[in-house]
Amino acid sequence: MDRSANMRAIRSKNMRPELKVRSIVHRLGYRFRLHRKDLPGKPDLVFPSRRKVIFVHGCFWHSHGCRVSHTPKSNFDYWGPKLERNVFRDRRNVEVLKAVGWRSLIVWECETDDEDRIRKRILKFLSK
Ligand SMILES: [Zn+2]
């Protein structure tokens, strides 16, 4: 690996999940808007002409249920209801969006490590 490729790899590894997804979508050649406040849940990426949105969810905050997302056992009384509310809100946002004709794709933080897989999912979602 040459130096610049190496630097890119390091950068992409440390990049926030949302920025990773943005960069993948950008490279696919799709144009998008960010965090449109007039849509439920302020989706991370918005594709107005396709009426599609992508949410990039942190595994912990949105209770993915994967290995990295377990709810802390200490302070459960605090975290439990808080995280539950997030899950409820996420679900409702997707439903409300659907009701007004927007399709949603959820990309989980833990999935962004596998760039190829995410790229394929996004491509499939945006092209259908
Ligand atoms: Zn996860």
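Please treat every number below as a calculation from the coordinates, not as lab data. Every value quoted in this text rests on a predicted model; they were computed, and no experiment measured them. Neighbour counts are summed over all protein chains in view; Cβ atoms, including those assigned to glycine, are modelled from backbone coordinates with ideal geometry.
Some notes on this structure:
- Residue order for 30, 78, fewest other beta carbons within 10 angstrom first, comes to 78, 30.
- Filter on 37/128; 42/82; 20/52; 20/82; 52/82 - keep pairs with C-alpha separation over 21 Å: 37/128; 20/82; 52/82
- Proximal aspartates and glutamates relative to residue 120, as straight alpha-carbon distance under 20 Å, when same-chain residues fewer than 8 apart are discounted: 18, 44, 109, 111
- Over the chain - Rg/Rh using Cα atoms and the Kirkwood inverse-distance radius: 1.01
- Debye, to nearest 20: dipole size of the chain, +1 on Lys, Arg Cβ, -1 on Asp, Glu Cβ: 560 debye
- Close amide H contacts of residue 63 (hydrogens built in the peptide plane, cut-off under 5 Å, sequence separation of 5 or more or a different chain): none are found.
- Most positive-pole-ward Cα, 63, 25, 41, against dipole of the chain from beta carbon charges: 25
- Size-normalised alpha-carbon gyration radius of the stretch 57-128, reference 2.2 N^0.38 Å: 1.30
- Each of residue 127 and residue 23 was given a label point 7 Å from its Cα along the Cα-to-Cβ line. The distance between the two points is 2.3 nm.
- For the chain, share of DSSP beta bridges that run antiparallel, in % to the nearest 5: 45 percent
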